[in-house]
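The values are calculated or read from the model by the stated rules, or taken from the named source; none is laboratory data. Values in this document were obtained by computation on a predicted structure and should not be read as measured data. We place every Cβ from the backbone using ideal geometry, glycine too, and count neighbours over all the protein chains shown. Remember, those area values only see protein heavy atoms, side chains included, never the ligands or the DNA or RNA. Shrake-Rupley method; radii C 1.70, N 1.55, O 1.52, S 1.80 Å.
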Amino acid sequence: MSIDKTSATDKTSATEGEPVVANPEAAAAAVTVVDPRLLVREQGLAGYVGEFKRKMKGGDLGSVPVVIGLLVICIVFQSLNSAFLSAENLNNIAVAMVATGMMSVGIIFVLLLGEIDLSVGSVSGVAGAITAVLSVTHGMNEWLAVLIALVSGAAIGAVHGFFFARIGAPAFAVTLAGLLFWLGFMLQILGENGTINIDGEGVVGKLTTYYFSDVAAAYGLATVAVVLFFVTSFLDNRRREAAGIPSRPLGDLIMRTALLAVVAFAAAIMFNQYKGLPLALLLFLVVLVATDFVLRRTGYGRKIFALGGSVEASRRAGINVTAIRISVFALAGFFAAVGGLFWASKIAAANQSAGAGDLLMNVIAAAVIGGTSLFGGRGRTWNALLGVMVITSIQYGLALEGTATPVLYMITGGVLLATVVIDSVTRKTQKTAGRA
């Protein structure tokens, strides 16, 4: 058997010590992949512009569309009514968006798997009903009633997850059945009256009515947020440098921190012009920070993203797919219950309309509009904040103009459709760029 020695002599010449390229055209076409953060460091402002262009061409839009959308909403409604950007209206928006936002956080976990949960509206109503029945009708300690309601929400979600992950039933069908079942369960426990008023001075009642009136609270939260962001980002950069991994330059970190400081202190000034820092918003921000940490900094979070990318690959990598799926639906049920308590606080009652209407649509829309992909594997819990800000701002802006509800539905539906289209186009762009 003859051996072709041509390939060996084409590659290198041992005697001459000079490399000979086998395919000069391929070598010329090869592009060295450089971490964008290195280019930013080397090119300064031009590096930032270049990095932004590369992300846009590669379909990595991030939060750009929703931020632009928020700016457009503010400009349009402020031009129509000068009260839109008033401290009172913005404060009301901040409180009103928390219930939907809390539920949207749970939906984001489910969407990261590439699945959907249609039962969160009914589960939120069940949580409010359980709390009201136990604390008001039966005189149970309100803290204990709240705990039972939250545990019940998580248990309901786990049941849905069991039928989906262990039995193999489609999540859409399971949660649709859950929507109907838990709606009936809520009506059953509320009884013939259908409405149970909640003490406005109780635990649940104060969720949306309590404000930290001391100006130091809002400014203190802004300061903590800015300092925490800078310290965590700086330490993360140090760890990356110690590991020999490219990290963003100090100037980049300072610029980002300064931008956050402007937004945070502007919000603090606005809150202090009305009633102060709302307890509801503070709790929402704490939840966002905690869940973002879980998703981005823990093995559990990485497993969720892995499942959203490929279930089979995750299974072969040793991930317990069934356990992760059940836990994610349990989280969705838990946050649905949290949102239900905030809704009960907002209307100071648990009634038959809880969890109905456009609530489910708004919860899912908030997650998607904020930037979470319907196809799984891409999103952050902070998307809930951005998305619910868009939806609630539209609602309050139209309310100031006295616009009818049908128009609100049409506008919200149009925004959601535009977001889904952008998501689909982005995925195609990323595939073309070799990033999906």
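Structure notes:
- When you restrict to C-alpha pairs under 8 Å that are six or more residues apart and normalise by the size of the range 101-210, the relative contact order lands at 35 percent.
- Per-residue 3J(HN,Hα) values for the range 258-273, derived from phi via the Karplus relation 6.51 cos²θ - 1.76 cosθ + 1.60 with θ = phi - 60°, read 5, 5, 4, 4, 4, 5, 5, 6, 5, 5, 4, 4, 5, 4, 6, 7 Hz in sequence order (x marks Gly and Pro).
- When the range 305-436 is described by a simple charge dipole with +1 on each Lys and Arg Cβ and -1 on each Asp and Glu Cβ, the residue from S353, A313, V390 located farthest towards its positive end is A313.
- Using a probe of 1.4 Å, the accessible surface attributed to K303 totals some 90 Å² when neighbouring protein chains are kept in position.
- Probe 1.4 Å, accessible area per residue of the range 236-278, Å²: 58
- Hull-based mean projected area of the range 196-285, where the convex hull spans the alpha carbons, in square nanometres: 7.9
- Counting only heavy atoms of the protein chains and using a 1.4 Å probe, S233 has close to 30 Å² of accessible surface.
- Heavy-atom accessible surface of the range 224-331: percent carbon and sulfur, 1.4 Å: 68
- The Kirkwood hydrodynamic radius of the range 275-395, based on inverse pair distances between different Cα atoms, is 16.0 Å.
- Euclidean distance of C-alpha centroids, the range 278-296 and the range 120-153, integer Å: 22
- Legend: Rg and Dmax of the range 82-157, from Cα coordinates, 16.0, 47 Å.
- Protection proxy ranking for 183-190, 224-231, 402-409, using the average of other Cβ atoms within 10 Å per residue and placing the highest first: 183-190, 224-231, 402-409.
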